Amino acid sequence: MSQAIVDPEYRVTLVIEWENIRVAEAARCTAMLAELGRQIEAFSIADPASVRDFEMIVTFDEEQFSETDLRSFVSQAMPRPPARVSLRFLAGRGLGYYELKNLGVRAARGGFVVFLDSDVIPEPGWLSRLLASFDDPRVDVVCGNCSLETGDLVSKALALGWFFPLRDPHDALVAQDWFFANNVAFRRQLVARYPFETVAGSSRGSCQLLSRRLRADGRAIFVNTGARVRHPAPHGAWNLLRRGLAHGRDELLIARIHGGGSLGESVSRAARLQARAWRRLFRHRREVGLGVAGVPVALSINALYYALYAAGDVATRIAPRWTDTNLRI
């Protein structure tokens, strides 16, 4: 597909993949759309002279969802969509998480492209802070501050032990070496040149590869800590099991791209992640409201997760075809 031409009416293209809803509660997607609509509307109030600021592209796999059902879902979540938004639905066939993002980029007409996952909920001010980052000419890529929600003991344990950082209370624009694909913005001319790479058989991790490529080409990556979104913990025991196994598989596949991936390296990596989880748990448990009584359970949950992580790695070595079919999320 050829690249779309930038249309001066559209300052921003919002790309929302409709893939994570398969492992998240529909209520989260509803809350995300409602909050996004409120934040877009705030731009209309602040800048009433502009003709049209935003286009929103919802990308989906037509083998998994119908456009009719998707339009109905979005219309219920945003019964009064902001007047200055062009809403588009873009279907692909057999596309995964990163491929759906690339599909949206190829059709984007805005000068900036913002990716937002269907299962993360922005906090107030997320969109304005993210876009304000581009007032700094150094910024070509900026992600928001994504942290795990901490409503119960399991989510508190994973907030301390999983790969997302803790919620940052500050509001600053900081250079860093990586980004999360669940809420990140690019200047369009850059993201058109640097699509997400797909790793055969993997579920996640392509943002790591793109981060490395951008850094190698001298492109700076920033995080705006005041642009916050809330990510859900894996919903239910089955999703936690699948996520841990898939995480270990993805890390192995990505390591192999760079000539690594020996069993010794994998054991060392799993041990480092486990040790990091336990350090964060003891040092920062109060930040997520974890009491002393919950510490043993939280330690056990993280030990289980990284045991699953290691099992996913080993299973991929032993039965690559089986894991390719069964360990994707």
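The values are calculated or read from the model by the stated rules, or taken from the named source; none is laboratory data. No experiment lies behind these values; they were computed from the predicted model shown. No Cβ is skipped: glycine too gets one built from the backbone with ideal geometry, and neighbour counts run over all protein chains shown.
A compact table of results
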| read-out | value |
| --- | --- |
| Positions within the range 226-239 being at pLDDT 90 or above and over 15 Å from the mean Cα position of the chain (by Cα), in sequence order | 226 |
| Flag for residue 251 being surrounded by fewer than 15 Cβ atoms within 10 Å (Cβ to Cβ), in contact with a helix residue (DSSP H, G or I) (Cβ under 8 Å, 6 or more places away or on another chain) and more than 23 Å from residue 13 (Cα to Cα) | no |
| Residue 278 at pLDDT below 95, more than 24 Å from residue 23 (Cα to Cα) and in the same structural domain as residue 156 (by TED's automatic domain parsing) | no |
| Residue 319 vs. criteria over 23 Å from the mean Cα position of the chain (by Cα), under 14 Å from residue 251 (Cβ atoms), surrounded by 12 or more Cβ atoms within 10 Å (Cβ to Cβ) and not hydroxyl-bearing (Ser, Thr, Tyr) | no |
| Residue within the range 268-281 that is in a helix (DSSP H, G or I), farther than 20 Å from residue 207 by Cβ, among the charged types (D, E, K, R) and touching a Gly at 6+ places or on another chain (Cβ under 8 Å) present | yes |
| Residue selected from the range 187-199 under the condition part of a helix (DSSP H, G or I) and surrounded by fewer than 16 Cβ atoms within 10 Å (Cβ to Cβ), by the criterion modelled with the lowest pLDDT | 189 |
| Residue that is buried (at least 22 other Cβ atoms within 10 Å of the Cβ), at pLDDT 95 or above, in a strand (DSSP E or B) and in the same structural domain as residue 35 (by TED's automatic domain parsing), where the choices are 174, 184 | 184 |
| The one condition in (1) without any contact (Cβ under 8 Å) to a residue 12 or more places away in the chain; (2) assigned to a strand (DSSP E or B) that residue 224 fails to fulfil | (1) |
| Entirely in the range 55-165, the helices (runs of 4 or more DSSP H) that have 3 or more residues that are of a type in the set (Ser, Thr, Tyr) and surrounded by fewer than 18 Cβ atoms within 10 Å (Cβ to Cβ) | 67-77 |
| Within the range 227-261, tally of residues that are outside any helix (DSSP H, G or I) and touching a Pro at 6+ places or on another chain (Cβ under 9 Å) | 4 |
| Subset of the range 156-215 that is hydrophobic (A, V, I, L, M, F, W, C) and touching a His at 6+ places or on another chain (Cβ under 7 Å) - its residue that is nearest to residue 317 (Cα to Cα) | 164 |
| Condition met for residue 251 (acidic (Asp, Glu) and within 22 Å of residue 326 (Cα to Cα)) | yes |
| Scope the range 210-232; condition hydrophobic (A, V, I, L, M, F, W, C) and surrounded by fewer than 18 Cβ atoms within 10 Å (Cβ to Cβ); matching residues | 216, 220 |
| Set 237, 181, 185: member being over 24 Å from residue 306 (Cβ atoms) and among the aliphatic types (A, V, I, L, M) | 185 |
| The range 259-289 - residue that is small (Gly, Ala, Ser) and free of Cβ contacts under 8 Å to residues at least 12 places away in the same chain and, of those, surrounded by the most Cβ atoms within 10 Å (Cβ to Cβ) | 261 |
